[in-house]
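Below: the structure, in structure tokens.
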Amino acid sequence: QVQLVESGGGLVQAGGSLRLSCAASGRTFGSYVMGWFRQAPGKEREFVTAINWSGDNTYSDSVKGRFTISRDNAKKTVYLQMNSLKPEDTAVYYCAVSYSRRDLNSDYGGYDYWGQGTQVTVSS
């Protein structure tokens, strides 16, 4: 069993920055793909970014150049640095871990465990 706990969300003005953290406990962490997704009110959950054990990563076009994912395997934590935030970034952000796949996938179904989410609100 794996537990994922996100933190770092909050209210920020457009153009500002936030850093989200996702702490994992339970199963081993270092060898697996970690991802961030988000869900805005009335919309489906969408892929944001993912990172594998060696640090390779991928981003959605909507956040590329503004967001940065990183991980600290010793601390079992993955981070999401969000810069130049826009009102359309407002959503609940979820981290997830994939034990069933090794590729940097953006599929919701490709992730096996999820955190409870943290709210990010960007005001205009």
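In the set (1) more than 20 Å from V5 (Cβ to Cβ); (2) assigned to a loop (DSSP other than H, G, I, E, B); (3) not small (G, A, S), V122 fails one condition alone, (2).
For every residue, the table says whether it meets (1) within 30 Å of S124 (Cβ to Cβ); (2) surrounded by 14 or more Cβ atoms within 10 Å (Cβ to Cβ); (3) not charged (D, E, K, R).
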{"position": "L4", "(1), (2), (3)": "no, yes, yes"}
{"position": "G8", "(1), (2), (3)": "yes, yes, yes"}
{"position": "K64", "(1), (2), (3)": "yes, no, no"}
{"position": "R71", "(1), (2), (3)": "no, yes, no"}
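Is it the case that F37 is farther than 14 Å from G115 by Cα, touching a residue at least 40 places away in the same chain (Cβ under 8 Å) and under 13 Å from the mean Cα position of the chain (by Cα)? So F37 fails the test. All told, D89 falls short of being open to solvent by 60 Å² or more (accessible area, probe 1.4 Å) and under 15 Å from F47 (Cα atoms). The single condition among (1) among the hydrophobic types (A, V, I, L, M, F, W, C); (2) over 19 Å from D107 (Cα atoms); (3) at pLDDT 95 or above that A74 does not meet is (3). Residue-level check: of (1) touching a residue at least 40 places away in the same chain (Cβ under 8 Å); (2) within 14 Å of T90 (Cβ to Cβ); (3) among the β-branched types (V, I, T), V63 misses just (1).
Hey, could you check the stretch 10-59 for residues that are among the hydroxyl-bearing types (S, T, Y) and modelled with pLDDT under 95 and say which is most open to solvent (accessible area, probe 1.4 Å)? For the stretch 10-59, the residue satisfying everything is T28. Within the stretch 107-124, the set of residues being open to solvent by 40 Å² or more (accessible area, probe 1.4 Å), closer than 20 Å to V33 by Cβ and either of a type in the set (G, A, S) or in contact with a helix residue (DSSP H, G or I) (Cβ under 9 Å, 6 or more places away or on another chain) (or both) comprises G109 only.
Taken together, the residues in the stretch 72-94 that are among the hydroxyl-bearing types (S, T, Y) and more than 13 Å from V5 (Cα to Cα) amount to 2.
The values are calculated or read from the model by the stated rules, or taken from the named source; none is laboratory data. Keep in mind it's a predicted model, so treat the numbers as computed, not measured. Note: ideal-geometry Cβ built from the backbone for every residue, glycine included; neighbour counts use all protein chains shown. In case anyone asks, the SASA skips ligands and DNA or RNA and just uses the protein heavy atoms, side chains included. Shrake-Rupley method; radii C 1.70, N 1.55, O 1.52, S 1.80 Å.
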